[in-house]
């Protein structure tokens, strides 16, 4: 394991992301049956997950650890499958995701 990923801060961050991802994934098929409050709670969880992803990505960007840089590049490649456009910065992509979450929240309020 590289120095970056052996850091207790990074280990904790990875653990939290894994737990959040698991919780979000278990809820995905239940969302149509959620109340407005449950849908908002799910969106809040998505916001926390996104913020933790941004923080970890930022840490990787500051690192010169080869494994961290390789993981960062894999994340960028995966983000392309989620809509990251060629030449688009990751921060812009994260902002787009935040905007999408905000729009979903607005739709909950209207519904």
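Observations on the structure shown:
- Relative to the longest principal axis of the Cα atoms of the chain, the long axis of helix 36-62 makes an angle of roughly 10 degrees.
- Taking the number of Cβ atoms within 10 Å of each Cβ as an exposure proxy, the fewest-first ranking of 30, 20 is 30, 20.
- With all pairs of different C-alpha atoms in the average, the Kirkwood value for the hydrodynamic radius of segment 3-110 is 15.3 Å.
- Spacing of the two label points (7 Å from each Cα toward its C-beta) at residue 8 and residue 92, in nm: 4.0 nm
- Segment 3-110: relative contact order as a whole-number percent, Cα under 8 Å and 6+ apart: 32 percent
- Relative to the dominant Cα principal axis of the chain, helix 8-27 is inclined by about 30°.
- R0 of 22 Å, Cβ-Cβ distance residue 15-residue 51: FRET efficiency to nearest 0.05: 0.90
- Dividing the helix sum by the residues of the chain, where each DSSP H run of 4 or more adds -39500 (n - 2.57), gives a mean residue ellipticity at 222 nm of -26500 deg cm²/dmol.
- The residue 30 and residue 99 beta-carbon pair, evaluated with R₀ = 25 Å, returns a calculated FRET efficiency of approximately 0.55.
Bear in mind that the values in this text are calculations on the coordinates, not laboratory data. Computed from a prediction, not measured in an experiment: that's the story for all the values here. Note that we place each Cβ from the backbone using ideal geometry, even for glycine, and neighbour counts take in every protein chain shown.
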